[in-house]
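What follows is one structure encoded as structure tokens, with my remarks underneath.
The values are calculated or read from the model by the stated rules, or taken from the named source; none is laboratory data. Predicted model only: the values in this text are computed from it and were never measured. Positions of Cβ are generated from backbone atoms using ideal geometry, with glycine treated the same way; all protein chains shown enter the neighbour counts. These area figures cover heavy atoms from the full protein model, side chains too; ligands, DNA and RNA do not enter into them. Shrake-Rupley method; radii C 1.70, N 1.55, O 1.52, S 1.80 Å.
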Amino acid sequence: MKLNIRKLKSEDWDTLRGWWKDWGFELIPSKDFLPENGTGGLIVENEDGVGICSIFIYTSNSKLCHMSWPLSNKNFKNKKIKNKAFELIFLGVKNVCKQHDKKYVIFYGEDRNFKFQERLQEQGFYKTNDNALSSLLLKI
């Protein structure tokens with residue numbers, strides 16, 4: 001199956017809100033809390049245009065990018081394809097950060113993001129602490 005990665009568009013907002021609700025998030029961030037008013041990130045879709053996963057990317061005035069708010073389509077059940085989609089999104093994050101002349105990517109997450117953190121470690125990220133809020137860092 002062919003996967004496509006692209007920058008988020010304002011038209012994706014309803015999809016993302018739906019994913020947050022499907023995963024039981026009671027508080028959904030407002031667009032102005034997110035980079036580029038909710039479009040500062042990436043989404044991976046299958047060849048039929050069905051969204052599989054997304055991520056937001058914050059840039060800074062340092063050499064650091066921060067990826068945040070990982071989401072996936074809870075109703076997309078093919079785990080093999082979903083894993084490939086996450087691999088593609090991590091590659092996309094690295095490329096976006098390189099385009100912004102960044103050297104590092106960091107993710108902060110809670111225990112509820114364990115599967116996501118596991119995926120990051122498979123991609124070369126290393127865990128920087130084991131507190132209630134873990135962080136994982138990658139030098140690109």
The one condition Lys7 fails out of (1) modelled with pLDDT under 95; (2) open to solvent by 70 Å² or more (accessible area, probe 1.4 Å) is (1)
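Could you please give the count of residues in segment 97-114 that are assigned to a helix (DSSP H, G or I), loosely packed, with under 12 Cβ neighbours inside 10 Å and either of a type in the set (Gly, Ala, Ser) or modelled with pLDDT under 75 (or both)?
If we filter segment 97-114 for residues that are assigned to a helix (DSSP H, G or I), which is where we start, we get 97-99, 111-114.
From what is left, the residues that are loosely packed, with under 12 Cβ neighbours inside 10 Å are 99, 111-112, 114.
In the following step, the residues that additionally are either of a type in the set (Gly, Ala, Ser) or modelled with pLDDT under 75 (or both) were identified as 111-112, 114.
Total meeting the criteria: 3.
How many of the residues making up segment 3-30 are closer than 17 Å to His66 by Cα, outside any strand (DSSP E or B) and among the basic types (Lys, Arg)?
Residues flagged as closer than 17 Å to His66 by Cα, outside any strand (DSSP E or B) and among the basic types (Lys, Arg) within segment 3-30 amount to 0.
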Residues of segment 46-80 being among the hydrophobic types (A, V, I, L, M, F, W, C), open to solvent by 50 Å² or more (accessible area, probe 1.4 Å) and part of a loop (DSSP other than H, G, I, E, B), which ones?
-> Val50
Looking across segment 16-45 at residues that are in contact (Cβ under 8 Å) with a residue 40 or more places away in the chain and out of contact with any helix residue (DSSP H, G or I) (no Cβ under 7 Å at 6 or more places or on another chain), the single one that is most open to solvent (accessible area, probe 1.4 Å) is Trp23
